[in-house]
Amino acid sequence: MKAARLLPSVLLLASLGTAVKTDAAPPLTGVGLSRLSALLPLQGQTVTVMEKRPSLSTVDLRMRVERVGGSPEALYQVIVSASKGVRAPYDPRLGISEEDYRRYLVFQEVLVSTSKNVRLALTRDSSRVQFGNTPGLNNVLDGLSINLRTGELRGPEGYSALPTLVVPSTAPDRVLPVRNGFQWKLLGSDATAGNGVRATLNLLELESGLIILNYSRTSMINRRLTEGEIIIGYDR
(Lines give C-alpha, C1' and ligand atoms only; values in the text may rest on other atoms or scores of the structure.)
Protein backbone atom coordinates (compact mmCIF):
# COMPACT_ATOMS: atom_id res chain seq x y z
CA MET A 1 0.00 0.00 0.00
CA LYS A 2 1.14 3.56 -0.68
CA ALA A 3 2.10 5.98 2.06
CA ALA A 4 0.74 9.49 1.97
CA ARG A 5 1.78 11.64 -0.99
CA LEU A 6 2.31 14.76 1.11
CA LEU A 7 2.43 17.51 -1.50
CA PRO A 8 2.33 20.14 -0.21
CA SER A 9 3.79 18.93 3.08
CA VAL A 10 2.14 21.74 5.06
CA LEU A 11 -1.61 22.37 5.07
CA LEU A 12 -3.37 25.23 6.83
CA LEU A 13 -6.04 24.45 9.37
CA ALA A 14 -7.65 25.90 12.44
CA SER A 15 -8.66 22.64 14.05
CA LEU A 16 -9.73 19.67 12.02
CA GLY A 17 -12.86 19.47 14.11
CA THR A 18 -13.89 22.95 12.96
CA ALA A 19 -11.97 23.30 9.72
CA VAL A 20 -14.74 21.72 7.68
CA LYS A 21 -18.42 22.36 7.24
CA THR A 22 -20.89 19.53 7.41
CA ASP A 23 -24.35 19.16 5.99
CA ALA A 24 -26.99 17.09 7.73
CA ALA A 25 -27.81 14.11 5.58
CA PRO A 26 -30.02 11.02 5.67
CA PRO A 27 -28.39 7.61 6.07
CA LEU A 28 -25.93 6.93 3.27
CA THR A 29 -27.00 4.87 0.29
CA GLY A 30 -25.60 4.06 -3.12
CA VAL A 31 -23.02 6.61 -4.24
CA GLY A 32 -22.40 7.87 -0.71
CA LEU A 33 -21.53 4.43 0.62
CA SER A 34 -19.31 3.74 -2.38
CA ARG A 35 -17.47 7.00 -1.76
CA LEU A 36 -17.05 6.19 1.93
CA SER A 37 -15.64 2.77 1.10
CA ALA A 38 -13.20 4.31 -1.38
CA LEU A 39 -11.85 6.79 1.19
CA LEU A 40 -11.38 4.38 4.07
CA PRO A 41 -7.97 2.70 4.38
CA LEU A 42 -7.33 -0.80 3.12
CA GLN A 43 -6.09 -3.73 5.14
CA GLY A 44 -2.33 -3.27 5.56
CA GLN A 45 -2.51 0.39 4.48
CA THR A 46 0.65 2.39 5.13
CA VAL A 47 -0.07 5.89 6.42
CA THR A 48 1.96 8.94 7.40
CA VAL A 49 1.51 10.37 10.88
CA MET A 50 0.86 14.10 10.82
CA GLU A 51 0.82 16.75 13.52
CA LYS A 52 -0.39 20.30 14.12
CA ARG A 53 2.20 23.03 14.58
CA PRO A 54 1.85 26.77 15.14
CA SER A 55 2.76 29.05 12.27
CA LEU A 56 2.56 32.77 11.54
CA SER A 57 0.28 33.70 8.66
CA THR A 58 1.46 36.65 6.55
CA VAL A 59 -1.02 36.41 3.66
CA ASP A 60 -3.43 39.09 4.86
CA LEU A 61 -0.57 41.28 6.09
CA ARG A 62 1.19 41.14 2.72
CA MET A 63 -1.98 42.14 0.88
CA ARG A 64 -2.63 45.01 3.31
CA VAL A 65 0.90 46.42 3.10
CA GLU A 66 0.99 46.18 -0.69
CA ARG A 67 -2.40 47.89 -0.90
CA VAL A 68 -1.21 50.95 1.09
CA GLY A 69 2.18 51.11 -0.64
CA GLY A 70 4.29 50.09 2.35
CA SER A 71 8.00 49.30 2.19
CA PRO A 72 8.75 46.02 0.36
CA GLU A 73 12.00 45.72 2.33
CA ALA A 74 10.21 46.02 5.68
CA LEU A 75 7.60 43.50 4.54
CA TYR A 76 10.32 41.08 3.43
CA GLN A 77 11.94 41.21 6.87
CA VAL A 78 8.60 40.42 8.50
CA ILE A 79 8.03 37.46 6.16
CA VAL A 80 11.52 36.06 6.81
CA SER A 81 10.98 36.25 10.58
CA ALA A 82 7.52 34.69 10.30
CA SER A 83 8.96 31.75 8.33
CA LYS A 84 11.05 31.02 11.44
CA GLY A 85 8.00 31.29 13.71
CA VAL A 86 9.06 34.68 15.09
CA ARG A 87 6.99 37.86 15.06
CA ALA A 88 9.26 40.69 13.96
CA PRO A 89 9.06 44.04 15.80
CA TYR A 90 6.63 46.53 14.30
CA ASP A 91 8.21 48.68 11.58
CA PRO A 92 6.38 51.95 10.70
CA ARG A 93 7.76 51.67 7.15
CA LEU A 94 5.08 49.05 6.58
CA GLY A 95 2.63 51.92 6.20
CA ILE A 96 0.06 50.53 8.60
CA SER A 97 -0.57 51.09 12.29
CA GLU A 98 0.96 48.85 14.94
CA GLU A 99 -2.56 47.73 15.85
CA ASP A 100 -3.20 46.63 12.27
CA TYR A 101 0.19 44.92 12.17
CA ARG A 102 -0.69 42.75 15.15
CA ARG A 103 -4.15 42.07 13.77
CA TYR A 104 -2.94 40.93 10.35
CA LEU A 105 0.09 38.92 11.49
CA VAL A 106 -1.63 36.07 13.29
CA PHE A 107 -0.71 32.64 14.53
CA GLN A 108 -2.43 29.73 12.82
CA GLU A 109 -1.99 26.01 13.00
CA VAL A 110 -0.59 24.01 10.11
CA LEU A 111 -0.77 20.31 9.42
CA VAL A 112 2.72 18.90 8.90
CA SER A 113 4.04 15.48 8.00
CA THR A 114 6.20 13.94 10.71
CA SER A 115 7.78 11.65 8.05
CA LYS A 116 6.82 8.74 10.31
CA ASN A 117 5.09 5.94 8.41
CA VAL A 118 3.11 3.15 10.07
CA ARG A 119 1.12 0.20 8.78
CA LEU A 120 -2.43 0.25 10.07
CA ALA A 121 -3.66 -2.70 12.08
CA LEU A 122 -7.14 -3.20 10.65
CA THR A 123 -9.34 -5.86 9.17
CA ARG A 124 -11.65 -5.19 6.28
CA ASP A 125 -14.26 -7.18 4.40
CA SER A 126 -17.24 -6.30 2.25
CA SER A 127 -19.31 -5.14 5.21
CA ARG A 128 -16.98 -3.60 7.82
CA VAL A 129 -13.69 -1.90 8.57
CA GLN A 130 -12.37 -2.70 12.06
CA PHE A 131 -9.38 -0.82 13.50
CA GLY A 132 -6.95 -2.54 15.84
CA ASN A 133 -4.05 -1.35 17.96
CA THR A 134 -1.45 0.15 15.63
CA PRO A 135 1.96 0.72 17.23
CA GLY A 136 2.77 4.42 17.06
CA LEU A 137 -0.85 5.63 17.23
CA ASN A 138 -1.26 5.38 21.03
CA ASN A 139 -4.33 3.10 20.89
CA VAL A 140 -6.48 6.00 19.70
CA LEU A 141 -8.13 4.08 16.84
CA ASP A 142 -8.22 0.73 18.64
CA GLY A 143 -11.72 -0.75 18.67
CA LEU A 144 -13.35 1.59 16.18
CA SER A 145 -15.41 0.01 13.41
CA ILE A 146 -17.31 1.41 10.43
CA ASN A 147 -20.19 -0.44 8.81
CA LEU A 148 -19.72 -0.20 5.03
CA ARG A 149 -23.40 -0.94 4.42
CA THR A 150 -24.79 1.87 6.59
CA GLY A 151 -21.84 4.18 7.30
CA GLU A 152 -22.34 3.74 11.05
CA LEU A 153 -19.30 4.31 13.26
CA ARG A 154 -19.14 2.34 16.51
CA GLY A 155 -16.62 2.83 19.29
CA PRO A 156 -15.36 0.45 21.98
CA GLU A 157 -17.34 2.44 24.58
CA GLY A 158 -20.56 1.03 23.07
CA TYR A 159 -21.88 4.12 21.27
CA SER A 160 -22.44 4.72 17.57
CA ALA A 161 -23.10 7.54 15.11
CA LEU A 162 -23.98 8.00 11.46
CA PRO A 163 -21.87 10.30 9.27
CA THR A 164 -22.68 13.72 7.93
CA LEU A 165 -21.35 14.87 4.58
CA VAL A 166 -18.55 17.41 4.52
CA VAL A 167 -19.41 20.41 2.38
CA PRO A 168 -16.50 21.63 0.21
CA SER A 169 -15.68 25.32 0.50
CA THR A 170 -14.45 27.57 -2.31
CA ALA A 171 -13.75 30.52 -0.03
CA PRO A 172 -10.26 31.99 -0.58
CA ASP A 173 -9.57 31.89 3.16
CA ARG A 174 -10.61 28.26 3.60
CA VAL A 175 -8.35 26.41 6.00
CA LEU A 176 -8.28 23.07 4.17
CA PRO A 177 -8.70 22.44 0.43
CA VAL A 178 -11.35 19.76 1.00
CA ARG A 179 -12.93 18.08 -2.01
CA ASN A 180 -15.35 15.91 -0.05
CA GLY A 181 -15.54 13.71 3.00
CA PHE A 182 -17.45 12.59 6.07
CA GLN A 183 -17.65 13.48 9.74
CA TRP A 184 -18.93 11.46 12.70
CA LYS A 185 -19.60 12.75 16.21
CA LEU A 186 -19.75 10.13 18.96
CA LEU A 187 -21.37 11.19 22.22
CA GLY A 188 -22.74 9.15 25.09
CA SER A 189 -22.28 8.14 28.70
CA ASP A 190 -23.45 5.54 31.18
CA ALA A 191 -22.60 6.35 34.79
CA THR A 192 -23.61 2.88 35.97
CA ALA A 193 -21.33 1.04 33.56
CA GLY A 194 -18.60 3.68 33.79
CA ASN A 195 -18.44 4.09 30.01
CA GLY A 196 -18.65 7.26 27.94
CA VAL A 197 -17.22 9.05 24.94
CA ARG A 198 -17.02 12.46 23.30
CA ALA A 199 -15.27 12.15 19.95
CA THR A 200 -15.07 13.42 16.38
CA LEU A 201 -13.85 11.47 13.37
CA ASN A 202 -13.09 13.34 10.14
CA LEU A 203 -12.40 11.49 6.90
CA LEU A 204 -11.47 14.07 4.25
CA GLU A 205 -10.29 13.94 0.67
CA LEU A 206 -8.24 17.00 -0.27
CA GLU A 207 -8.04 18.49 -3.74
CA SER A 208 -4.56 16.97 -4.10
CA GLY A 209 -6.04 13.48 -3.67
CA LEU A 210 -4.50 13.07 -0.22
CA ILE A 211 -6.86 11.53 2.35
CA ILE A 212 -6.78 12.82 5.92
CA LEU A 213 -8.18 10.75 8.79
CA ASN A 214 -8.37 12.61 12.09
CA TYR A 215 -9.81 11.12 15.28
CA SER A 216 -9.98 13.04 18.55
CA ARG A 217 -11.64 11.59 21.61
CA THR A 218 -12.14 11.65 25.34
CA SER A 219 -13.09 8.12 26.35
CA MET A 220 -14.04 6.25 29.50
CA ILE A 221 -14.22 2.46 29.63
CA ASN A 222 -14.82 0.74 32.97
CA ARG A 223 -14.29 4.13 34.67
CA ARG A 224 -10.83 4.52 33.15
CA LEU A 225 -10.52 7.90 31.44
CA THR A 226 -8.21 8.42 28.45
CA GLU A 227 -7.76 11.17 25.88
CA GLY A 228 -6.08 11.12 22.52
CA GLU A 229 -5.91 12.41 18.98
CA ILE A 230 -4.31 11.13 15.81
CA ILE A 231 -4.00 12.60 12.34
CA ILE A 232 -2.86 10.41 9.49
CA GLY A 233 -2.57 10.97 5.75
CA TYR A 234 -2.56 8.41 2.95
CA ASP A 235 -3.34 7.76 -0.70
CA ARG A 236 -5.80 5.26 -2.11
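Across segment 117-139, what is the total count of residues that are modelled with pLDDT of 95 or more, open to solvent by 20 Å² or more (accessible area, probe 1.4 Å) and either within 24 Å of R53 (Cα to Cα) or not in a loop (DSSP other than H, G, I, E, B) (or both)?
Number of matching residues: 6.
In segment 140-171, how many residues are open to solvent by less than 50 Å² (accessible area, probe 1.4 Å), touching a Phe, Trp or Tyr at 6+ places or on another chain (Cβ under 8 Å) and outside any loop (DSSP other than H, G, I, E, B)?
5
For the condition open to solvent by 30 Å² or more (accessible area, probe 1.4 Å), at pLDDT 95 or above and of a type in the set (S, T, N, Q), what is the one hit in S216, S208, S189?
On the way: S208 fails: at pLDDT 95 or above; S189 fails: at pLDDT 95 or above.
Going through S216, S208, S189 in turn, just one is open to solvent by 30 Å² or more (accessible area, probe 1.4 Å), at pLDDT 95 or above and of a type in the set (S, T, N, Q): S216.
Matching residues to (1) buried (at least 17 other Cβ atoms within 10 Å of the Cβ); (2) under 30 Å from L153 (Cβ atoms):
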{"residue": "P41", "(1), (2)": "yes, yes"}
{"residue": "G44", "(1), (2)": "no, yes"}
{"residue": "T48", "(1), (2)": "yes, yes"}
{"residue": "L56", "(1), (2)": "yes, no"}
{"residue": "V59", "(1), (2)": "no, no"}
{"residue": "V68", "(1), (2)": "no, no"}
{"residue": "L75", "(1), (2)": "yes, no"}
{"residue": "S83", "(1), (2)": "no, no"}
{"residue": "D91", "(1), (2)": "yes, no"}
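Could you give me the residue pairs with C-beta distances under 8 Å whose first residue belongs to segment 207-236 and is farther than 16 Å from P177 by Cα and among the aliphatic types (A, V, I, L, M), whose second residue is open to solvent by 80 Å² or more (accessible area, probe 1.4 Å) and assigned to a strand (DSSP E or B) wherever it lies, and which are 6+ apart or on separate chains?
Between residues of segment 207-236 that are farther than 16 Å from P177 by Cα and among the aliphatic types (A, V, I, L, M) and residues that are open to solvent by 80 Å² or more (accessible area, probe 1.4 Å) and assigned to a strand (DSSP E or B), the close pairs are M220/S189.
Where the second residue is part of a loop (DSSP other than H, G, I, E, B) and among the charged types (D, E, K, R) and the first is assigned by the TED database to the domain that holds Y101 and lies in segment 63-76, which pairs have Cβ atoms under 7 Å and are six or more apart or on separate chains?
Between residues of segment 63-76 that are assigned by the TED database to the domain that holds Y101 and residues that are part of a loop (DSSP other than H, G, I, E, B) and among the charged types (D, E, K, R), the close pairs are A74/D91.
The values are calculated or read from the model by the stated rules, or taken from the named source; none is laboratory data. Remember, it's a predicted structure, so these values are computed and weren't measured experimentally. Don't worry about glycine lacking a Cβ; one is built from the backbone with ideal geometry, like all the others, and counts go over all protein chains shown. Keep in mind that these areas ignore ligands, DNA and RNA; they rest on the heavy atoms of the full protein, side chains included. Shrake-Rupley method; radii C 1.70, N 1.55, O 1.52, S 1.80 Å.
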